[in-house]
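One structure is given below, encoded as structure tokens.
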Amino acid sequence: MLSNIKTIFFDYDGTIHNSIEIYTPAFNKAYQYLADNGLVKERTWKKEELIKWLGYNSKDMWMAFMPELEEQLREQASKIVGQEMMENINKGKAVLYEDALDTLDYLKKKGYTLVFISNCNTYYKDSHKAAFDLGRYFKDMIGSQEFDYISKADILEKIMNRYPKDYCIVGDRSYDIEAGTKNKIHTIGCLYGFGSKEELKDADIFIGSISELKKYF
């Protein structure tokens, strides 16, 4: 099935980066801001409660989480999350999955074209690129902000012909699999990430760790 693949598109959060570690404190800081302004009741959110929001772009996440909030407040909360995550990345608190960089290095050395494609802001992409020297592995790094937060499927449609055929996409959420399906490319679902097996049910292949890609490529 994967014998003719030349280009591999990678989701980032939940696929390469265990983003819940820096997202949880950042989200709680933003939620505290809303509580301090009398907009929500005070509480602390646990990692397990926030996992379902990981992988959304920030605009869609806050619209889904609190649609009743005024747009300006959603934007402010999103900004707080972003600033706090940036601080934690700069402090070295971001954590990649075990063997993530080793697997990327393996694939690149085997001659595959690797492309980062994430529902993220440009600052987030660039800060991770600097923190983990991701430019060593990826030919291009693409965040959804550069495309005005259109769907990953639509971004993939716009960019994939820049790279050698055939293609596959690796990700942990339904929109990664949908992006591949809609663009008629192979899909690999990451069961170790933040999406359930039910959410990933349409993937062609499932992996339990990123290092399992070495078995297929």
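Quick note: the coordinates plus some simple rules give every number you see, no bench work behind them. Predicted, not measured: the structure shown is a model, and the values here were computed from it. As a convention, Cβ positions derive from the backbone with ideal geometry for all residues, glycine included, and neighbour counts pool all protein chains shown.
Tabulated data
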item: H186, H17 arranged by Cβ crowding within 10 Å, fewest neighbours leading; result: H186, H17
item: Ranked list, fewest to most other Cβ atoms within 10 Å of each Cβ, for K41, K6, K125; result: K41, K6, K125
item: Student exercise, segment 171-210 dipole from Lys, Arg, Asp, Glu Cβ charges, in Debye to nearest 20; result: 80
item: DSSP-defined antiparallel bridges as percent of all bridges, the chain, nearest 5; result: 5
item: Cleavage-rule hits (GluC sites (Glu not before Pro)) in segment 31-103: DSSP loop, at most 14 neighbouring Cβ within 10 angstrom; result: E42, E68, E70, E98
item: Span-like helix ranges in the chain, DSSP H, alpha carbon extent 27 angstrom or more, Kyte mean at least -1.0; result: 71-90
item: Separation of alpha-carbon centers, segment 178-217 and segment 92-164, rounded to whole Å; result: 16
item: Of V40, H186, Y149, farthest towards positive along the dipole that unit charges on Lys, Arg, Asp, Glu beta carbons give the chain; result: H186
item: 13 Å beta-carbon shell around I51, net charge (K/R +1, D/E -1); result: -2
item: Cβ-placed point charges (K, R +1; D, E -1), dipole of the chain about Cα centre in debye, nearest 20; result: 660
item: Length-normalised contact order for the chain - Cα pairs under 8 Å, 6+ apart - percent; result: 28
item: Mean ellipticity per residue at 222 nm, deg cm²/dmol - from DSSP H runs of n ≥ 4 across the chain, formula -39500 (n - 2.57); result: -12000 deg cm²/dmol
item: Likely footprinting exposure, C120, C168, fewest C-beta neighbours within 10 Å first; result: C168, C120
item: Cα centroid of segment 13-44 to Cα centroid of segment 57-88, whole Å; result: 9
item: Most to least packed among 169-176, 193-200 [average Cβ atoms within 10 Å]; result: 169-176, 193-200
item: Dipole magnitude of segment 1-107, debye to nearest 20 (Cβ charges: Lys/Arg +1, Asp/Glu -1, about Cα centre); result: 140
item: Shape box of the chain [Cα atoms, principal axes, largest first, Å]; result: 57, 34, 29
